[in-house]
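Written below as structure tokens is the structure these notes are about.
The values are calculated or read from the model by the stated rules, or taken from the named source; none is laboratory data. Since we're looking at a predicted model, the values are computed, not measured. Glycine gets a Cβ as well: all are built from the backbone with ideal geometry, and neighbour counts include every protein chain shown.
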Amino acid sequence: MTEQAALDGPALLAEASDLLPDIVDLRRRIHAEPEIGLDLPKTQEKILASLADLDLEIVTGKETSMVVATLRGASEGPTLLLRGDMDALPMPEDTGLPFASDYPGVMHACGHDAHVAMLAGAAHLLAARRDELKGNVKFFFQPGEEGYHGAEFAIKEGLLESPKVDGAFALHIAPNMTSGELATKPGPMLAAADEIAIRVVGSGGHASMPHIAVDPVPVACEIVLALQSHITRTVDVFVPAVLTIASIHGGTAYNVIPEDVNLLGTLRTVSAESRESLHDSLERVAQGVAAAHNCTVEVTIKKGYPPTINDPEFTAMAVSVLSETIGETHLMDAPIMAAEDWSYILQKVPGCMASIGVCPPGVSPDAAPACHSNHMILDEEAMAVGIASHAAMALSYLS
Ligand SMILES: [Zn+2]
Ligand SMILES: [Zn+2]
């Protein structure tokens, strides 16, 4: 990786800082008009307008509002995908910012407004340096990250073809990291998140005569505890898995034994193997406990995003490029147990995701409201680091 030393980090950061006023303005306009899901026409319009004066090949989604903009370099070479997700969350905003959401109940609380803006900034920076690129950069503006499987739609619509994508890099903001710092890790970076629904069925009756009924309430409680014991006794502590039963519903009155009790929860795992084996064994434990008490059980597991697995070689290259040109790039100790649909891209193409610190000034990173908080605020100055990081990755990968 010695060639990377030739990249002039301070120059990239200076170019990114020059772009910052426009990029901050773009981010604020997207922040004020947040959209949810796969259909994001206003966000798409702003992206297209910001790229309009650049010489890019632009494709928009058929089923979604994605924008894929390809920058062809001066000569032939591989293609690097850079991604910024576009969607907001169905939640109120309570930041009090002058550019806070105009739409009640919708907020850019995961920083995807900043992701779009940083990627647009990188498109401007790299378009001005087209002569240095031996290959292509695909700027992928992606709708529907927050549970809508937007990346899967994009792959189906040919995101990874013509030109074929060889490597992939994404940034996610982190309000709980010092502004401007970067972090990533090889291997699992984020978890798979699956939804679990368990219906425990007994036989209803009078609360005074449980021996005539089959009471599902204590059985449901026993299942919750048995599942937790099962996780702690069967999962390797170095391959983490988290099960949370977050909802228990049963019964209608203080003196009626209900027919059934419904449990809802989420299972998070960082390997495909532990994910599959826990799907089987959680069902087996629930069945076994229910059978012991003459109840039946219906277990439904709805698969969410797969684990986000950073390619070790690509990640080592990214850490070397970013730390040599941009600045401090930490190796994370452990994965984050949230999930990301960037995982779909990394199943197909070697690449990685990195976190970029955006803790606002005057706040300690531990105390800053996290992503998905109704109070989440980010340091917009850090977006220059994000722009320069995307650009450094492309200039190095295509050198
Ligand atoms: Zn999110
Ligand atoms: Zn996010």
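Structure data summary
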| item | result |
| --- | --- |
| Residues that are surrounded by 13 or more Cβ atoms within 10 Å (Cβ to Cβ) and more than 18 Å from Leu331 (Cα to Cα), drawn from region 360-371 | Pro360, Val363, Ala368, Pro369, Ala370, Cys371 |
| Hey, Val285 buried (at least 18 other Cβ atoms within 10 Å of the Cβ), among the hydrophobic types (A, V, I, L, M, F, W, C), under 30 Å from Val385 (Cα atoms) and at pLDDT 95 or above or not | no |
| Residue match in region 61-79 (condition: within 16 Å of ligand 1 (Cβ to nearest atom), touching a residue at least 24 places away in the same chain (Cβ under 8 Å) and within 20 Å of Asp341 (Cβ to Cβ)) | no |
| The listed residue being of a type in the set (Val, Ile, Thr), touching a helix residue (DSSP H, G or I) at 6+ places or on another chain (Cβ under 7 Å) and in the same structural domain as Leu331 (by TED's automatic domain parsing), out of Val116, Val165, Val201 | Val116 |
| Evaluation of Pro163 against (1) more than 28 Å from Ala388 (Cβ to Cβ); (2) more than 15 Å from ligand 1 (Cβ to nearest atom) (one fails), failing number | (1) |
| Scan of region 150-180 for residues that are buried (at least 17 other Cβ atoms within 10 Å of the Cβ) and at positive phi, ordered by number | Gly180 |
| Yes/no for Leu282 being out of contact with any Cys (no Cβ under 7 Å at 6 or more places or on another chain), part of a strand (DSSP E or B) and touching a residue at least 40 places away in the same chain (Cβ under 8 Å) | no |
| Checking Phe141 against (1) on the phi < 0 side of the Ramachandran plot; (2) in contact with a helix residue (DSSP H, G or I) (Cβ under 6 Å, 6 or more places away or on another chain); (3) more than 16 Å from ligand 2 (Cβ to nearest atom), the condition it does not meet | (3) |
| Any hit, region 119-141, residues being within 14 Å of ligand 1 (Cβ to nearest atom), in the same structural domain as Ala388 (by TED's automatic domain parsing) and either β-branched (Val, Ile, Thr) or in a loop (DSSP other than H, G, I, E, B) (or both) | no |
| Residues (more than 14 Å from ligand 2 (Cβ to nearest atom) and touching a strand residue (DSSP E or B) at 6+ places or on another chain (Cβ under 7 Å)) located in region 346-364 | Leu346, Val349, Pro350, Gly351, Cys352, Gly357 |
| Subset of region 73-86 [surrounded by 14 or more Cβ atoms within 10 Å (Cβ to Cβ) and either in contact with a Leu (Cβ under 8 Å, 6 or more places away or on another chain) or aliphatic (A, V, I, L, M) (or both)] | Gly73, Gly77, Pro78, Leu80, Leu81, Leu82, Arg83, Gly84, Met86 |
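Yes/no per residue for (1) on the phi < 0 side of the Ramachandran plot; (2) among the charged types (D, E, K, R); (3) touching a His at 6+ places or on another chain (Cβ under 7 Å):
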position	(1), (2), (3)
Glu63	yes, yes, no
Thr79	yes, no, no
Leu89	yes, no, yes
Gly105	no, no, no
Asp113	yes, yes, yes
